[in-house]
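Single-structure report; data block below.
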Amino acid sequence: MSRIAYVNGQYLPHRHASIHIEDRGYQFADGVYEVVTIVNGKMIDEEGHMERLWRSLGELQIDAPMKAGPLKMIMREVVRRNGVVNGIIYLQITRGVAPRDHPFPKNTTPALVMTAKRLSMDKSERTAQAGVNVVTVPDIRWDRCDIKSVSLLPNVLAKQAAKDKNAYEAFQVDKNGMVTEGSSTNAWIVNQDGKVITRPTSNEILAGITRASLLRELEKKGVEFELRSFTVEELHNAREVFLTSSTSYVLPVVKVDEHVIGNGNPGSISVTLRQIYRDFMEDAS
Ligand code: PDD
C-alpha cells in the first residue's frame, strides 16, 4: 500500500505531497504539531492531543484551520488510507503562506498537513526488553517548551548527540543541573527508595500525553509518585530510569552517560509500568 498524505484539503501520494516555499513553517518554524499513537487502528488519547494542539495554536495566535470534529475525521481517513493498524499519525499546522516578513501576516490561511506511518510493536517490545542508553546534554532551548512547536533545532542537536554516542535519547539538563526532559520524550527515575519521580509540567517541558496517562494509571493503581525536578546526580544514581512518549510508550533506560543503571537490565518497576501503559493502550483501542 503506497503512503498517502493529507495536504490542505487533498489526499496525495506521499512523494508528491509538498508545501509552498514561503510557508511560514518552512521559513520561520512558525507552526505546531502533534504525534498520536495508533493501536489496533484506534487513536490513543485523542482528546488529550486535541487539547494540547488547541493550546499550542492559541499560545502562538495561529487560527485552527477547522473545528476539532472535521479534523478528527481527516485523521481517521489518513489512518484508513495508509492502512495503519499500529503506528502514528503526524499532524502539523503552520501559520500559512505569506511573503517573508517576521510579523504575523494578515488574512493568511493556516496550512494543515497529516501523515501516518506504521510502527512495529514487536520491534518496540524488543527495544524495551533490552533497554536503551541515554546521554545528558545541556538544555539550550527557549522559555516556551510547553508549546509543541515545530521549532525543534535544539532537540535535533540533542538527538544527534545521542546518536553519535550510540544512545537512543538525550536527556536535557537546565542551568541548575536539573533534568528537564528528553529531546522527544519525558524523563523519569525510580530512586533508591523505590519512588517514581518525574518533573512537574511548566514552561520548561512539554506536557507529554503519555506522561499524563501513565500518571493517571499510577493514581488508579495506588502507585506512589513524586512530581519534582531531579538532578543529573540523582539520574546517574537512580535505581531505575525510563522515558515516555507517543512513539516509545514507556521505555526502560539501562545506561545514562557512563553510569550503568541497576544491574544493566530494565528495572522491575519500569517493566511493570510499561505493561500498565500497554494494557491502557489495549483497553483504549
Ligand atoms: N515527541 N517532550 C518532548 C520535547 C517531545 O517532543 C515529546 C513528544 C514528549 C512526549 O510527549 P507525548 O507523550 O505527548 O508524545 C516530551 C514526539 C513523539 C515527537 O516529536 O516525535
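FYI, it's all coordinate maths here, none of it is from the lab. Please read all numbers here as calculations on a predicted model, not as lab measurements. As a convention, Cβ positions derive from the backbone with ideal geometry for all residues, glycine included, and neighbour counts pool all protein chains shown.
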_Rounded to whole Hz, the Karplus (6.51, -1.76, 1.60) HN-Hα couplings of the range 133-146, x for glycine and proline_ = 9, 10, 10, 10, 9, x, 7, 10, 7, 7, 8, 10, 6, 6
*asked:* Show me the ranking of peptides 168-177, 122-131 by mean Cβ neighbours inside 10 Å, starting with the highest.
replied: 168-177, 122-131
*Which residues' amide hydrogens lie under 5 Å from the amide hydrogen of Glu22, considering only partners 5 or more residues apart or on another chain, with H built in the peptide plane?*
none
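Which order do the peptides 86-98, 264-276, 138-150 come out in when sorted by mean C-beta neighbours inside 10 angstrom, highest first? Mind dumping the intermediate values first?
Details: 86-98: 21.4, 264-276: 18.3, 138-150: 16.1.
For the peptides 86-98, 264-276, 138-150, the packing ranking is 86-98, 264-276, 138-150.
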*When the chain is treated as a GNM, springs tying every alpha-carbon pair under 10 Å, which of Thr136, Thr37, Thr210 comes out with the largest mean-square fluctuation?*
Thr136
*Tell me, what HN-Hα J-couplings in whole Hz come from the Karplus equation 6.51 cos²θ - 1.76 cosθ + 1.60 at θ = phi - 60° for each residue of the range 75-92, using x for Gly and Pro?*
4, 4, 5, 5, 4, 5, 5, 9, x, 7, 9, 10, x, 9, 10, 10, 10, 9
_Whole angstrom only: what separates the Cα centroid of the range 204-242 from the Cα centroid of the range 249-285?_
12
*Once amide H atoms are placed 1.01 Å from N in the peptide plane, what residues at a sequence separation of 5 or more from Leu119, or on another chain, have their amide H within under 5 Å of its amide H?*
Asn86, Gly87, Ile88
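Using +1 on the beta carbon of Lys and Arg, -1 on that of Asp and Glu, and nothing else charged, what's the dipole of the range 4-119 about the Cα centre, debye to 20? Write down the numbers at each step before the final one.
Working: 15 positive and 12 negative charges, 83 e Å.
Dipole magnitude for the range 4-119 comes out near 400 debye.
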